[in-house]
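Peer 1: What follows is a structure written as structure tokens; I'll ask about it next.
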Amino acid sequence: MSKSPDTRRLKSLHQLAKLKSDLALAALSSARLACEQTAARIEGLTCPILPRFEGENAATLEQQRLLYESWAEQRRIALNGLLARQVVEAAERLTEAREAFGRADVVEKLCQGPALRKGADPG
């Protein structure tokens with residue numbers, strides 16, 4: 001006996017819902033990875049506190065240290081802005097992944113039929 005058109009459509013819908021769920025999870029993973037990479041870049045700008053330089057090149061070395069600290073601070077500001085946007089993006093991807101997973105779960109339960117659905121009335 002062949003499956004009804006509704007059953008075939010439901011199975012196709014389930015496959016599409018699973019695919020969308022997988023894509024949403026991949027997008028979430030990518031967004032989280034971007035956040036981790038940016039956080040690592042920010043962390044990489046932090047260097048140990050250097051001692052004050054002394055000796056004949058002290059002024060030049062101190063100037064170089066201050067220039068680096070100034071540049072690093074500006075870079076941290078830019079990266080923190082980027083990280084904030086990436087965190088928002090990751091939160092949006094999480095919401096989308098949850099919704100896609102929920103849809104796929106509902107369609108899967110519909111595919112199982114009324115007798116197999118959790119909480120269904122057997123009679």
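Peer 1: Give me the percent of accessible area attributable to carbon and sulfur for the chain, probe 1.4 angstrom. Before the final figure, lay out the partial values.
Peer 2: Details: 5570 of 9490 Å².
Roughly 59 percent of what the probe reaches on the chain is carbon or sulfur.
Peer 1: Given a 1.4 Å probe, how much area per residue of the chain is accessible, in Å²? Could you put the intermediate results ahead of the total?
Peer 2: On the way: 9490 Å² over 123 residues.
Ligands and nucleic acids excluded, the figure is 77 Å² per residue.
Peer 1: Now for a different question. In the chain, with Lys and Arg counted as +1 and Asp and Glu as -1 at Cβ, which of these residues, ALA84, HIS14, THR60, has the Cα nearest the positive end of the dipole, that is, farthest along it?
Peer 2: HIS14
Peer 1: While we're here: State the answer as a single residue: which of ALA24, LEU45, SER4 lies farthest towards the positive end of the charge dipole of the range 1-50, with beta carbon charges of +1 for Lys and Arg and -1 for Asp and Glu, about the Cα centre.
Peer 2: SER4
Peer 1: Which residue, GLY55, GLY102, GLY44, tops the fluctuation ranking in a GNM of the chain built on C-alpha contacts under 10 Å?
Peer 2: GLY55
Peer 1: Continuing with the same structure: Starting at 0 and stepping by 10 Å, how many percent of the alpha carbon pairs of the chain end up in each bin?
Peer 2: Answer for the chain: a P(r) of 12, 22, 18, 15, 12, 9, 6, 4, 2, 0 percent.
Peer 1: Let me ask something else about it. Between GLU73 and ASP105, what's the calculated FRET efficiency when r is the beta-carbon distance and R0 is 41 Å? Round to 0.05.
Peer 2: Numbers: r = 47 Å, r/R0 = 1.15.
It comes to 0.30.
Peer 1: Only Lys, Arg, Asp and Glu count, each charged at its Cβ (+1, +1, -1, -1), so figure out the dipole size of the chain about its Cα centre, rounded to 20 debye. Don't skip to the end; give the middle numbers.
Peer 2: Working: 19 positive and 16 negative charges, 208 e Å.
In debye, rounded to 20, the chain gives about 1000.
Peer 1: If you take the beta carbon distance between ALA40 and GLU62 as r and set R0 to 35 Å, what does 1/(1 + (r/R0)^6) give as a FRET efficiency, to the nearest 0.05? Spell out each step's value before the answer.
Peer 2: Values: r = 29 Å, r/R0 = 0.82.
Using R0 = 35 Å, I get an efficiency of 0.75.
Peer 1: So how tilted is helix 58-112 from the main axis of the chain? Cα-based, degrees 0 to 90, rounded to 10.
Peer 2: 0
The values are calculated or read from the model by the stated rules, or taken from the named source; none is laboratory data. The shown structure was predicted, so the numbers you read here are calculated from the model rather than taken from an experiment. Ideal geometry is used to build each Cβ from the backbone, glycine not excepted, and the neighbour counts take in all protein chains shown. For the accessible areas, the whole protein counts, side chains as well, though only heavy atoms, and no ligand, DNA or RNA atoms are used. Shrake-Rupley method; radii C 1.70, N 1.55, O 1.52, S 1.80 Å.
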